[in-house]
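Participant: Would you mind keeping the following structure in view while I ask a few things?
The values are calculated or read from the model by the stated rules, or taken from the named source; none is laboratory data. Predicted, not measured: the structure shown is a model, and the values here were computed from it. All Cβ positions, even for glycine, are placed from backbone atoms using ideal geometry, and neighbour counts span all protein chains on display. Note: areas computed on protein heavy atoms with side chains; ligands, DNA, RNA excluded. Shrake-Rupley method; radii C 1.70, N 1.55, O 1.52, S 1.80 Å.
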Amino acid sequence: MEQQNRQTPLKEHPESPGKYFWRIISPLVIQLGISMVVSMVVGVIFGISYLMNHYGITEGIIHNSAQMKILSEQFIKDSIDVSIDMQKELYRYGAFTQGLTAFVTIPVLAVMFHKDRIREKVKGFVPNKRAALWKYPAVLIMGGSLCVGLNNLMIIGNISTIGEEYVEIMEALYSAPFVVQIISLVILVPICEELVFRGLIFQRLRESSTFRRAAFHSAFVFGLMHMNLVQMLYGFAMGMVFAYVYEKYGSLKAPILAHIAANFVSVTGTKFHWFQWMEEVPVRMGVITVIAATVAATMYVWIQRIEETPEVIKIEEQ
């Protein structure tokens with residue numbers, strides 16, 4: 001990946017360490033802030049609905065102070081058990097909550113992304129040229145095959161069995177209706193995450209550093225935010241790939257499509273038990289893993305041939 005060092009750096013006075021760090025990390029802080037607010041709103045609405053159904057609270061009971069007092073005392077006695085049950089039920093809304101968070105966050109991040117592109121033009125930053133549309137199927141194929149290959153490797157290496165938290169999160173996300181999973185996990189979440197980690201964090205790092213350094217740091221944060229070992233490893237590996245295709249294609253559409261393809265394979269593979277089917281026969285899983293790795297490697301070699309050198313630099317070199 002040494003060739004990914006051709007973009008022209010910004011011509012401006014260096015920022016203070018604190019200001020630079022905030023500019024890099026602010027998109028993630030904004031996403032987390034919106035996520036927290038959305039989760040709280042969903043939690044409050046769900047909690048009220050759950051308690052009303054659990055205790056059979058009606059409008060008539062709400063206006064009856066004696067009955068409400070009895071229910072309040074009962075809730076205090078049952079508070080621990082009820083809270084645990086509520087939390088388990090709330091997990092089932094994980095995909096919906098993530099999708100809603102992404103839906104609210106995307107417009108905010110899109111404005112920030114647009115402002116960054118304007119700033120780059122003003123400061124003289126020359127981005128990589130954009131690849132032709134007919135070259136985009138390669139990122140879809142690579143994203144899907146990498147999802148299969150990496151998931152199979154984690155299963156073969158028993159990495160996926162390390163944390164119970166990972167299993168619980170996956171069961172919660174994939175327990176939502178299939179349509180909700182497609183809209184939330186396959187479409188909205190990838191767009192949101194690519195805006196945060198590639199369109200803003202990676203690209204801001206890229207303005208003043210090499211590709212490898214920008215890709216590593218953005219992928220590290222991307223993996224870290226998944227909060228469990230299995231997803232951290234998977235997220236870091238995929239984050240490096242997404243940064244690479246962003247660099248080569250010169251457009252955020254490339255990592256978004258690769259991310260969508262990977263999540264689509266993951267969601268549909270879980271829904272229709274593809275991974276379980278592969279796991280039943282070790283030889284079958286091994287063969288499919290090799291095929292997936294071969295396809296991903298082939299797409300990588302093909303993508304590597306894309307000429308991303310900025311037009312301005314090509315003219316100057318001549």
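Participant: Which members of the stretch 208-226 meet the condition of being without any contact (Cβ under 8 Å) to a residue 40 or more places away in the chain and surrounded by fewer than 23 Cβ atoms within 10 Å (Cβ to Cβ)?
Facilitator: Passing the criteria: Ser209, Arg213, Phe216, His217, Phe220, Gly223, Leu224, His226.
Participant: Then there's this: Check every one of the helices (runs of 4 or more DSSP H) wholly within the stretch 238-318 and list those with 2 or more residues that are within 29 Å of Met225 (Cα to Cα) and either at pLDDT 95 or above or open to solvent by 10 Å² or more (accessible area, probe 1.4 Å) (or both).
Facilitator: Result: 253-271, 274-280, 282-304.
Participant: Taking the stretch 201-237 on its own, how many of its residues are assigned to a loop (DSSP other than H, G, I, E, B) and among the polar types (S, T, N, Q)?
Facilitator: Within the stretch 201-237, residues that are assigned to a loop (DSSP other than H, G, I, E, B) and among the polar types (S, T, N, Q) number 4.
Participant: If Leu205 meets every condition in (1) out of contact with any Ser or Thr (no Cβ under 8 Å at 6 or more places or on another chain); (2) open to solvent by 10 Å² or more (accessible area, probe 1.4 Å); (3) farther than 19 Å from Val108 by Cβ apart from one, which number is that one?
Facilitator: (1)
Participant: Further question on the same structure: I'd like to know if the stretch 147-158 contains one or more residues that are more than 30 Å from Arg117 (Cα to Cα), at pLDDT 95 or above and not small (Gly, Ala, Ser).
Facilitator: yes
Participant: Further, regarding this structure: Need pairs with beta-carbon distance below 8 Å; first residue in contact (Cβ under 8 Å) with a residue 24 or more places away in the chain and among the hydroxyl-bearing types (Ser, Thr, Tyr) and within the stretch 269-294, second part of a helix (DSSP H, G or I) and crowded, with 17+ Cβ neighbours inside 10 Å; sequence gap 6+ or separate chains.
Facilitator: Thr270/Met170; Thr289/Val148; Thr289/Gly149; Thr289/Asn152; Thr289/Leu153
Participant: Next question. Are any of the residues in the stretch 47-68 open to solvent by 40 Å² or more (accessible area, probe 1.4 Å), within 30 Å of Ser218 (Cβ to Cβ) and at pLDDT below 70?
Facilitator: So far as the stretch 47-68 goes, no, none of its residues is open to solvent by 40 Å² or more (accessible area, probe 1.4 Å), within 30 Å of Ser218 (Cβ to Cβ) and at pLDDT below 70.
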